[in-house]
Structure formats: structure tokens, C-alpha cells
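Reading through the C-alpha cells given below for one structure.
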Amino acid sequence: MSDGTPVVVAKRVDSGEDADLSEISDLARAAGYDVVATRSQSRTEDAAYHFGEGKAAELARAVAETGAAAVVVDNRLGPYQTYNIGGKLPTGVEVIDRFTLILEIFGQRANARKAQLQVELAELRYELPRAEAKASLAKRDERPGFMGLGEYDESRERDIKAQISRIQQELDDIADKEESRRERRRESGFDLVALAGYTNAGKSTLMRRLADDLDVGENEGLHPDLDPTAESEDRLFTTLGTTTRRADTGTRDVLLTDTVGFVSDLPHWLVESFESTLDSVYRADLVLLVVDASESVEAMRDKLVTCHDTLYERNEAPIVTVLNKIDRVDGPELERKRAALDALAPNPVAVSGLTGESVGELTDRIEAELPAWREERLLLPLADGAMSLVSWLYDHGNVEREEYTGEEVVVEFSARPAIVEQARSKAAEVRAPAGETESAD
């Protein structure tokens, strides 16, 4: 649909709360819709219509007055609620709930095979209970073609389950390959840092800032999957899959991955559908949790809670909160926000990905928070194998001292523990059997 299609946006909140329709309106526009009217209601959820039946009738009047082709609801609607609201609307007007809308955006942005599979999996998981509801309605001789799912076919549920199983297997295979790639990169001396955060927090802009001093072409041989750019646009869900670039933080060799933005109130099945993409965050050595510091304290708090909820169960890495977009915030306001959010974001780093302000502080923090390197001292005989090993150490760690004494070379370096073990093994191959590795541990 989309492409300028007019829609009415609606939202229900619990009694006593104020409805904020800004995010759902932005989501609708991100999908290509034209928001022509908004409606909200503060009340407890109605089992039949989600809204009150009177508000559903009001939505129908708004559609008639504006010529809208759909109603976008910023809530999670059950199959029967969707059906009942649709029954109040003019014929042909679609009901799109929050998750259908997000899936539509994902579908528009999914270019890579993995992203396409994840979107398809989420769509099927969303469709399954609706297919079951449609079957129930069909058996009662109700309207079987509601929600655009077509006529009732009792084999549809089995087909959906079979498709889910097939896609999940393919995604599992992709995840296994990506995990192997992560381990190879660690064995090559790279630290893996992931950018996470609410959608439109400026992750992609920050990534470009951190990586702008390096030509990605340098990585093509070792890392053919690295993408040269991450889009930086002021719209929701610019990044759907993952984009990885090499970042210069000083001493360490860092691969930085930008991932899909988080969004609030997502059901578990939608998060699980993107598990393969989120593994880039869960399995990183360090997570940079990016927050838009130009927003209100309340909005920042809500979005931080959403991010921590998404990361809580599976994340294995330490988290550093990054307050981004400080070019839009004055000093006193920034300090007030720091203090208000201290419990959720202790000791954050404040930067501007756009201007580069304080990015040096962030790179220092990245180096400080990454898993500690081990120091090692190797005594090697002067030989071709020794020179190759020294060159390898420069590529995979930080060589602090290289001294040639007569027939020997002394190399002092620091590196990931796995690299140190590899260095010891390589040293044993080039040294005389009686030689020893001197450790500074």
C-alpha cells in the first residue's frame, strides 16, 4: 500500500495516561504513508474492539471524512479485535497495528538474504494466530477473508508452520557461519564492538565517525563481508541488517558493527525473528548503547529501558552508554540529563557523531573497557621464521619493544590471550628445542 497512501493514526492508553502519537506517526511516514488524521483514547482495553465501540465508530467517521485507506493503530491488536474494528470501517479500509507496520518497514528495507529471511519469519509468526482465528471464524460462517489473508484453507496453518521450520533452519545455518567468522576474527587479533540503541539514535552516523580515518578496502582480503558504508539518515530503521567496519581506536584492532535499532513494545516473537542479527550485539566483546541526548529525559529513560530489556536475557558483553547528538544540547542541560539517568546509564560518554566532539574520549573508553590484553616477552633466534613471527605480532597485537642482540631478537608485546597462545606456539616452532618462552604474566 504506502507510497503516500492516506491513513488515520490511532492509539489507546490506559486511563489517566496521555497518548503520544509522535512515534507511531513517524513510523507511518517511514513506511511511506501520509498521516491525515489522529485519534486517541484513554481507557482500559476493550476485549472486542481494543478501543471503546464508540471510538471505533469515530475512527470510521474520520476515515470517511479524510478518504483514508487504512487505520494505523499504535497498539497490539488481537485477531478478533482487528476483525471487529474492520467491521466498523468502510469496505476495503485496512486495519494495520503497530507490528504489521514495523514488519512493512522491515520488508521495505530488507536487502540482504538474512534480513529478508528474518522479515519473512516474523511475518509468518504474526500470521499464524490470525490464520487460526480465520479458521475459527470460517467455521462459524463469519467473513473468512478478513485482514487480506484470502479465503479459508485448512492447510494454511500447516503450510505456515512448515515455512517457519524451513526458514529457521536456514537462519540457524547462517548464524553458525557468522559465529565461526567472529571466532576467526578474534583469533586474528580483532576486538568486536557492537553499536546498539533505539532506532534513530544516530548509531550509523557515529559509526561513520569512528571509522572515517580508514579505507575499508584495506580489509577486503581478510573480511570480504565488510560493508563500506552505513547509511546516515534522519528516519527510523535506516539500518535493518548489520554493517561492519574497521575502526581506529588507538592500540586495539576493532571491528565495529552497526545493527538494527530497537523499538518499544515488541512482542517476543518479533525479537526472536531477528535473533541472528542481534547475535552481533549479544556476542560482541563490548556494546556501545547509543542514546539520543537531544530528547527529553522521559523519552531517553523509556528508550533506555527498552534497550536494556532487549539486551538483558542474552547479552554477554559489558555495556557503555553513549549520549549522542550533544551538538543539539547545551552544557547545563546535558549535565541535568546525566544526573537524572545515572541509575540507567552510569558513567556515560557524551559525544556528537555528527561533529566529532568528544569522540576521542569514546575511543579511549572503548580501549579501557575491552577485555584486557596479556603482556608477553619472547626471546627468538635470528631466523626467517622469527622475522615472520615479529611481523605477525605487529598485525595481531601491540608490539611495545623489539630489540636485536647478537644472534637473538627480544619482542615484548601485548595481545588478546588467544593471540598470546598462538604466538607461543609459533615461537616454539622457530626456536631451538632447548629455548624457552619468557613470560611477563
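Readers should treat all values here as calculations from the given coordinates under stated rules, not as data from a laboratory. Note that the structure is a prediction, hence the values are computed from the model and not measured. Every residue, glycine among them, receives a Cβ derived from its backbone with ideal geometry; neighbour counts consider all protein chains shown.
Key figures
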{"quantity": "Under Karplus coefficients 6.51, -1.76 and 1.60, residue-wise ³J(HN,Hα) of the range 384-389 in Hz, glycine/proline x", "calculated": "4, x, 5, 5, 5, 5"}
{"quantity": "Footprinting exposure proxy for M207, M300, M387 (fewest neighbouring C-beta atoms within 10 Å first)", "calculated": "M387, M300, M207"}
{"quantity": "Exposure proxy order (Cβ contacts within 10 Å, fewest to most) of R209, R113", "calculated": "R113, R209"}
{"quantity": "Restraint check, K177/K203; K303/K337; K11/K55; K114/K177, Cα-Cα greater than 18 Å", "calculated": "K177/K203"}
{"quantity": "From phi via Karplus (6.51, -1.76, 1.60), per-residue ³J(HN,Hα) for the range 402-419 in Hz, x at Gly/Pro", "calculated": "9, 10, 9, 10, x, 9, 9, 10, 9, 10, 10, 8, 10, 6, 4, x, 5, 5"}
{"quantity": "Residues whose placed amide H lies under 5 Å from that of D97, excluding near-sequence neighbours", "calculated": "V73"}
{"quantity": "Distance (nanometres) between label positions extended 7 Å along Cα→Cβ at L379 and R328", "calculated": "6.0"}
{"quantity": "Cα gyration tensor shape of the range 6-107, rounded if a/c is under 1.5, else prolate or oblate by comparing a/b with b/c", "calculated": "rounded"}
{"quantity": "Cut-off under 5 Å, modelled amide H: who pairs with D191 long-range", "calculated": "D253, V254, L255"}
{"quantity": "Förster radius 41 Å - calculated FRET efficiency between T251 and S42 (Cβ-Cβ, nearest 0.05)", "calculated": "0.15"}
{"quantity": "From phi via Karplus (6.51, -1.76, 1.60), per-residue ³J(HN,Hα) for the range 364-379 in Hz, x at Gly/Pro", "calculated": "5, 5, 4, 4, 6, 8, 5, x, 4, 7, 9, 8, 8, 10, 10, 10"}
{"quantity": "Amide H within-cut-off set for A350, under 5 Å, with H built and near neighbours excluded", "calculated": "L323"}
